[in-house]
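Structure first, then comments.
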Amino acid sequence: MTEQILDDALRTEVDGLGSVDIPARAYWGASTQRAKDNFDVSGQPIGTLRSLVWALGAVKKAAARANQQQHVISVEVGRAIENASQEVMDGFFDEHFVVDRIQGGAGTSTNMNANEVIANRATELRRDENPDAAAISALDEVNRSQSTNDVYPTAVKLALISDLGNLKQQYTALAGAFVEKASEFSSILKVGRTQLQDAVPMTLGQEFAAFGSMMTQEAKAIDVLIPELLETNLGGTAIGTGITAAETYRTVVVQALRQITGLEFYTAEDLVKATSDTGPLLSTSATLRQTAIKLSKIASDMRLLSSGPQTGLAEITLPAVQPGSSIMPGKVNPVIPEMVNQVAFKIVGIDTAIAMAAEAGQLQLNAFEPVMTDGLLEGINLLTQACKILRTRCITGIQANTTVLADRMDESVSIVTALTPVIGYMAASEIAQETLQHGGNVVDKVVARGLADRKQLETLISVQALTGIPQNDVGA
């Protein structure tokens, strides 16, 4: 669709810098065209960020509704702007949001892209009813009572809330997949490890349950972010003083935004602070970074536990989703966990870029919110997809290598820790060393030394005693 737009004949518009040629069928205008030409950086236009375009439409719709109530635009113009904004929200004009996601100007080009698309579409809608109606102005009517500096950050927060909701769903689903595996593996004993050395017994189910708990915790962390993201400086205009907007506008526009989105947005107590402070974006980035690192740790554990299949740990088998080598026949690699690791590396890099951008903001505005927005929305999408793929193409198909695990438990001295309350640490240590050096069975050696009888030892090395799992829950 965009190629068709660009192949059309040109029209000429004039702005404060002179004339600009624009594709005749484009809904954007002179300001957007200049930005499109200036910021040919990533090749990724803002129209590829569906949630951001939707959010821009919602903010513009709220502003039009508030401006009608303030009697600074006519009802006829306001309704046309509302209807055009709704079409933007619905995705009808994504290909007309053509400014690069990385841009100078603190988001002004993004705001103007929205203003111009909505103004041109609103003019069409108005003229459907009144062919002689005047064109609707992108600046004097669509952008009335607004500045980039309150529109853009509000839209960014709204987009983040929307995408974080999708991310939370994937966290919850992934946690559920781990819990299902935990139940499946609940009675399979294995040796736990600390510092890559044998530690004490546990069940494979406990290991997977811990992964599930980690992801449940990360889903809750998203809930903590939302109240901070619901704070808006809408109505503060350029730097938070509210210049060009009626005093009551900020209350009315936030009420309208609540009605349109169903979210409990609230006006910041200090609009000057809220306009210059990117704290909510930093908090969001930090939370994404935390989750990415935890998820990468889980993925690395998956790779380690499945290593082999003959000379590694080989405690679990991951689903074989593709051949692993162009030279080694039969080799299968843990490609899904590897993908998750790489997503995590990317998220950590994004977090660093966001930290630098937040620090670089000066005085009453941070000019670098576009790169923060780009990074956050990209990061959320990467994590969302990574969690979905990890769950559907890896976790649900994992199998336990029960023979390997059972053989290792039979040979392991890890149960000796459970015997220390009865036989003492020194005796337990001696038996462990003797078994490691000469082989044999720990229980037999304890009985032979007369340190405990076999019946007492059976109680001490039961699944319940070794793992802390209530007996009636084993195998549930």
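Every number here is computed from the coordinates shown, using simple stated rules; none is lab data. None of the values given here were measured: they were computed from a predicted structure. Cβ sites come from the backbone with ideal geometry, for glycine too, and all protein chains shown count toward neighbours.
Per-structure values
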| read-out | value |
| --- | --- |
| For the chain, alpha-carbon Rg over 2.2 N^0.38 Å | 1.32 |
| Sum of side-chain charges, Asn115 neighbourhood, beta-carbon under 12 Å (Lys, Arg +1; Asp, Glu -1) | 0 |
| Qualifying lysines (Cα of each under 23 Å from Cα of Lys331; at least 8 residues distant if same chain) | none |
| P(r) weight above 15 Å for region 406-473, C-alpha pairs, percent | 50 |
| Per-residue [θ]222 nm for the chain (sum of -39500 (n - 2.57) over DSSP H runs n ≥ 4, rounded to 500) | -19500 deg cm²/dmol |
| Where the Cα pairs of region 150-402 fall when distances are cut into 10 Å bins, in % | 7, 27, 26, 18, 12, 7, 2, 0 |
| Mean separation of Cα contacts under 8 Å, 6 or more apart, over the residue count of the chain: relative contact order % | 15 |
| In region 306-395, the trypsin sites (Lys or Arg not before Pro) that fall in loop regions by DSSP, at most 10 other Cβ within 10 Å | none |
| Above-threshold pairs, the threshold being 26 Å between Cα atoms, out of Lys220/Lys294; Lys157/Lys297; Lys60/Lys157; Lys297/Lys346 | Lys157/Lys297 |
| Those lysines that a straight Cα-Cα span of less than 19 Å connects to Lys455, excepting residues fewer than 8 apart in one chain | Lys445 |
| Exposure rule at most 11 other beta-carbon atoms within 10 Å, DSSP loop GluC sites (Glu not before Pro): the chain longest free segment | 1-246 |
| Amide H contacts under 5 Å for Gly192, placed H, 5+ residues apart | Ala199, Val200, Met202 |
| Rounded D (µm²/s) - region 336-468, Kirkwood Rh over Cα pairs, Stokes-Einstein at 25 °C, 0.890 mPa s | 123 |
| Contour excess over end-to-end distance, with Cα ends at Lys297 and Leu363 and 0.36 nm allotted per residue | 19.8 nm |
| Total charge dipole magnitude, the chain, about the Cα centre, Cβ charges on Lys, Arg, Asp, Glu only, Debye to nearest 20 | 1060 |
| Summed residue charge, Cβ within 14 Å of Glu369's Cβ, Lys/Arg positive, Asp/Glu negative | -2 |
| Amide H within-cut-off set for Ala367, under 5 Å, with H built and near neighbours excluded | Gln362 |
| Part-to-part distance (alpha-carbon centres) for region 251-321 and region 28-50, which is given in Å | 27 |
| DSSP H segments from the chain that extend 15 Å or more along their own axis, Cα-based, with Kyte-Doolittle mean of -1.0 or above | 50-69, 75-89, 148-184, 204-229, 249-261, 279-305, 335-360, 369-393, 425-438 |
